[in-house]
Amino acid sequence: MMKLFVLLGSLNALLSVALGAFGAHILKQKLTPDKLDVFQTGVHYHMIHAVALIAIAILSEKLGSTSLVNASGWAIFIGIILFSGSLYGLSLTGIKLFGPITPLGGVSFLVGWILLAIAALKS
C-alpha cells in the first residue's frame with residue numbers, strides 16, 4: 001500500500017498544482033471572485049491531503065501497514081474526490097447539486113485523520 005499511497009499522493013499533488021495554476025491564470029478572468037475563492041479552497045484542501053497521502057505511506061512503514069492505516073489513506077483519497085471535486089464542480093458549473101457533496105468529503109477527511117490517530121495509538 002505504501003507505493004500506492006505515494007503514487008496517489010504524488011498524482012494528486014501534481015493535479016492540485018495544475019488546477020491552482022489554471023485558477024490563477026485562466027479562471028481569474030472568467031469566474032467571479034466568490035467562485036474563484038471556492039475553487040481555490042478546493043485546490044488548498046486538495047494539496048494538503050495529497051501531502052497527507054504521502055505521509056500516510058511513510059507512516060505505514062513506521063506504524064505497520066495495518067487496516068487502520070490503509071483505511072485512513074482511502075478515506076483521505078475519497079475526501080479529495082468528494083470535497084475538492086465538488087468545490088471544483090460548484091465553482092466551474094454553478095450547479096448547486098455539488099454543494100451537498102462537499103460536507104461528505106469533509107467527513108471523509110475527518111474519518112481519515114481519526115483512523116490515523118487510532119492507528120498511532122494502537123502501534
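What do you reckon, is Ile56 more than 13 Å from Gly105 (Cβ to Cβ), in contact with a Leu (Cβ under 7 Å, 6 or more places away or on another chain), modelled with pLDDT of 95 or more and buried (at least 21 other Cβ atoms within 10 Å of the Cβ)? If you could, list the steps in order and put the result at the bottom.
Working: more than 13 Å from Gly105 (Cβ to Cβ): yes; in contact with a Leu (Cβ under 7 Å, 6 or more places away or on another chain): yes; modelled with pLDDT of 95 or more: yes; buried (at least 21 other Cβ atoms within 10 Å of the Cβ): yes.
Spelling it out, Ile56 is indeed more than 13 Å from Gly105 (Cβ to Cβ), in contact with a Leu (Cβ under 7 Å, 6 or more places away or on another chain), modelled with pLDDT of 95 or more and buried (at least 21 other Cβ atoms within 10 Å of the Cβ).
Filtering region 77-98 down to residues that are among the small types (Gly, Ala, Ser) and modelled with pLDDT of 95 or more, which residue is most open to solvent (accessible area, probe 1.4 Å)? Full working, then the answer.
Of all residues in region 77-98, those among the small types (Gly, Ala, Ser) come to 79, 84-86, 89, 91, 94.
After this cut, where a residue has to be modelled with pLDDT of 95 or more as well, the list is 79, 84-86, 89, 91.
Numbers: Gly79: 0, Ser84: 0, Gly85: 30, Ser86: 3, Gly89: 11, Ser91: 3 Å².
My answer is Gly85.
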*asked:* Among (1) more than 20 Å from Val17 (Cβ to Cβ); (2) open to solvent by 40 Å² or more (accessible area, probe 1.4 Å); (3) more than 15 Å from the chain's Cα centre (by Cα); (4) hydrophobic (A, V, I, L, M, F, W, C), there is one condition Trp74 misses while meeting the rest; what is its number?
replied: (3)
*Working only within region 87-109, note down all residues that are more than 21 Å from Ser72 (Cβ to Cβ), polar (S, T, N, Q) and touching a helix residue (DSSP H, G or I) at 6+ places or on another chain (Cβ under 9 Å).*
Ser91
*Specify the residue that is farthest from Leu11 (Cα to Cα); the eligible residues are those in region 100-116 that are of a type outside the set (A, V, I, L, M) and open to solvent by 30 Å² or more (accessible area, probe 1.4 Å).*
Pro100
*If you check every pair at least six apart or on different chains, which have Cβ atoms under 9 Å apart with a residue in region 49-67 that is among the aliphatic types (A, V, I, L, M) first and a residue that is modelled with pLDDT under 90 second?*
Ile56/Met1; Ile56/Met2; Ala57/Met1; Ala57/Met2; Ile58/Met2; Leu63/Ser123
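The values are calculated or read from the model by the stated rules, or taken from the named source; none is laboratory data. Predicted model, so just to flag it, every value in this text is computed and none were measured. Backbone-built Cβ (ideal geometry, glycine too); neighbour counts: all protein chains shown. Protein only, heavy atoms only, side chains kept; ligands, DNA and RNA dropped before computing areas. Shrake-Rupley method; radii C 1.70, N 1.55, O 1.52, S 1.80 Å.
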